[in-house]
């Protein structure tokens, strides 16, 4: 298995050469990191560097970023689909119908794929991006059972991917589901490229996307100074620079610890009054014991400024209203998520007010069913109000937002899929 850390000039499988603040270069680095492929990030800031490192005329050359593979293949400003093709990872479905279709390759989806395939179900796993979900961008998961030294999210995801494929699961990467149709005993998922996935049962494990700050210029600086998630792929580029992490969850805490090895200073920004309210105690202790990490409580980011890239942020104390500016080109946002359940409206799947899928006993409120249910039996524990459609992991209402819990729900969902396929 590939070394999950960005490589050196001698060992990297892929050299990614781009200018600072390149959103396309960031997307490539993030994909390679999540896919557990070692890479060497190279930032060029002058025309001379661009010519020497990438063989392009100048630093603003539209052919940047350039990816150079160990076999000598050179790709100029490649799309992720082109990189998937190069790696041999972009595949078409091999079957016209499956027993189980899983959407989302985070910990819950990967777990479901392992258990579904190992138990004899014809299983397909569909992922629009890279395996691992949010966990895939995490530099270290230290409280996952069986890994006393911790494990990177990318390494854990790669191990799970290999395990699922060993048992015969098909994994379709670079594919995004856009709509779905469900009828008794069969469901059809339609992908963005027109591919149709037909299966007797489905598991939604699409997880959540990190919530945005809702500020002016935020989209403009996305990938050019503003990043969502733990951002482990960017750590080598932050050497000697100030980094800001917004959020008080475990992913934010791990990101702060990871960046502190490279950055001159890491500032954690939280709206609450204490990290202990949202962060595991072992991380709280480490953060306060690290001299290069500062924690700003009762604080929020209220403005973003820059040119082609982020240059400055404005911080506001929520108690006093005092504002101050801070220079940085590295802002990582880990502030909760928005569930990926837009498809549910069309098929009539019940969601809570925040958009999470409601399943099992939660479909019955005070003895009254919250949505129409066409069968005589009660919904299975992880089943939505659409028979044969299950939800697992962060996308589910009431789920515990932990990697181990997502893995457990993925395995549990397969148990209920078996019951559904056997008994209806």
Exercise for the section: Please enumerate the residues belonging to region 207-219 that are in contact (Cβ under 8 Å) with a residue 40 or more places away in the chain and assigned to a loop (DSSP other than H, G, I, E, B). Expected result: 207, 211, 212, 213, 215, 216, 217, 218
Fill in the blank from the handout: Within region 319-342, restricting to residues that are surrounded by 15 or more Cβ atoms within 10 Å (Cβ to Cβ) and farther than 21 Å from residue 251 by Cα, the one that is modelled with the lowest pLDDT is 341
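Could you please let me know if residue 413 is at pLDDT 95 or above, in the same structural domain as residue 247 (by TED's automatic domain parsing), over 17 Å from residue 208 (Cα atoms) and not in a loop (DSSP other than H, G, I, E, B)? Step through it out loud before you land on a result.
Values: at pLDDT 95 or above: yes; in the same structural domain as residue 247 (by TED's automatic domain parsing): no; over 17 Å from residue 208 (Cα atoms): yes; not in a loop (DSSP other than H, G, I, E, B): yes.
Considered against the rule, which asks whether it is at pLDDT 95 or above, in the same structural domain as residue 247 (by TED's automatic domain parsing), over 17 Å from residue 208 (Cα atoms) and not in a loop (DSSP other than H, G, I, E, B), residue 413 comes out as no.
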Fill in the blank from the handout: Within region 54-76, residues in contact (Cβ under 8 Å) with a residue 24 or more places away in the chain and either surrounded by fewer than 15 Cβ atoms within 10 Å (Cβ to Cβ) or in contact with a strand residue (DSSP E or B) (Cβ under 8 Å, 6 or more places away or on another chain) (or both) come out as 54, 60, 64, 65, 66, 67, 68, 69, 70
Handout entry: Residue count for region 119-157, restricted to those that are more than 20 Å from residue 253 (Cα to Cα), out of contact with any helix residue (DSSP H, G or I) (no Cβ under 9 Å at 6 or more places or on another chain) and in contact (Cβ under 8 Å) with a residue 12 or more places away in the chain
Key = 1
Practice task
Could you list, in sequence order, all residues of region 230-243 that are within 23 Å of residue 297 (Cβ to Cβ) and either surrounded by 24 or more Cβ atoms within 10 Å (Cβ to Cβ) or in the same structural domain as residue 133 (by TED's automatic domain parsing) (or both)?
Solution key: 230, 231, 243
Exercise for the section: Out of 120, 106, report the one residue that is touching a strand residue (DSSP E or B) at 6+ places or on another chain (Cβ under 9 Å), surrounded by fewer than 19 Cβ atoms within 10 Å (Cβ to Cβ) and in the same structural domain as residue 206 (by TED's automatic domain parsing). Expected result: 120
Problem - Residue in region 309-317 that is within 23 Å of residue 182 (Cβ to Cβ) and at pLDDT 90 or above present - result: no
Completion exercise
Within region 370-406, restricting to residues that are in contact (Cβ under 8 Å) with a residue 60 or more places away in the chain and part of a helix (DSSP H, G or I), the one that is farthest from residue 154 (Cα to Cα) is 395
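Just to check your reading of the model, which residue among 79, 45 is surrounded by fewer than 18 Cβ atoms within 10 Å (Cβ to Cβ) and free of Cβ contacts under 8 Å to residues at least 24 places away in the same chain?
Details: 45 fails: free of Cβ contacts under 8 Å to residues at least 24 places away in the same chain.
Only one candidate passes the filter, namely 79.
Got a sec? Which of 146, 153 is in the same structural domain as residue 117 (by TED's automatic domain parsing), farther than 21 Å from residue 96 by Cβ and surrounded by 21 or more Cβ atoms within 10 Å (Cβ to Cβ)? Even if it seems obvious, please write down each step before you answer.
On the way: 146 fails: surrounded by 21 or more Cβ atoms within 10 Å (Cβ to Cβ).
The conditions single out 153.
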Handout entry: Residue check for residue 180: within 18 Å of residue 251 (Cβ to Cβ), in contact (Cβ under 8 Å) with a residue 60 or more places away in the chain, surrounded by 16 or more Cβ atoms within 10 Å (Cβ to Cβ) and not assigned by TED's automatic domain parsing to the domain that holds residue 232
Key = no
Exercise for the section: Looking for whichever is surrounded by fewer than 14 Cβ atoms within 10 Å (Cβ to Cβ), under 18 Å from residue 202 (Cα atoms) and assigned by TED's automatic domain parsing to the domain that holds residue 184 here; the options are 345, 389, 358. Which one fits? Expected result: 345
Practice task
Test each condition in (1) touching a strand residue (DSSP E or B) at 6+ places or on another chain (Cβ under 6 Å); (2) not in a loop (DSSP other than H, G, I, E, B) for residue 329 and report the one that comes out false.
Solution key: (2)
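Among the listed residues 309, 268, which satisfies the condition of being under 27 Å from the mean Cα position of the chain (by Cα), more than 20 Å from residue 249 (Cα to Cα), surrounded by 15 or more Cβ atoms within 10 Å (Cβ to Cβ) and in the same structural domain as residue 248 (by TED's automatic domain parsing)?
Numbers: 268 fails: more than 20 Å from residue 249 (Cα to Cα).
That would be 309, the only listed residue that is under 27 Å from the mean Cα position of the chain (by Cα), more than 20 Å from residue 249 (Cα to Cα), surrounded by 15 or more Cβ atoms within 10 Å (Cβ to Cβ) and in the same structural domain as residue 248 (by TED's automatic domain parsing).
Quick one: which of 235, 224, 255 is in contact (Cβ under 8 Å) with a residue 12 or more places away in the chain, in a loop (DSSP other than H, G, I, E, B) and over 19 Å from residue 128 (Cα atoms)? Break it down into steps so the answer makes sense when it comes.
Numbers: 235 fails: in a loop (DSSP other than H, G, I, E, B); 255 fails: in a loop (DSSP other than H, G, I, E, B).
Only one candidate passes the filter, namely 224.
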Exercise for the section: With the condition kept exactly as written, say whether any residue in region 369-377 is within 30 Å of residue 264 (Cβ to Cβ), more than 26 Å from the chain's Cα centre (by Cα) and loosely packed, with under 15 Cβ neighbours inside 10 Å. Expected result: no
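List the strands (runs of 3 or more DSSP E) that sit entirely inside region 150-206 and contain at least 3 residues that are within 22 Å of residue 380 (Cα to Cα).
Values: elements: 170-173, 177-183, 186-191, 196-204.
Filter on region 150-206 gives 177-183, 186-191, 196-204.
The values are calculated or read from the model by the stated rules, or taken from the named source; none is laboratory data. Note that the structure is predicted; figures quoted are calculated from it, not measured. Ideal geometry is used to build each Cβ from the backbone, glycine not excepted, and the neighbour counts take in all protein chains shown.
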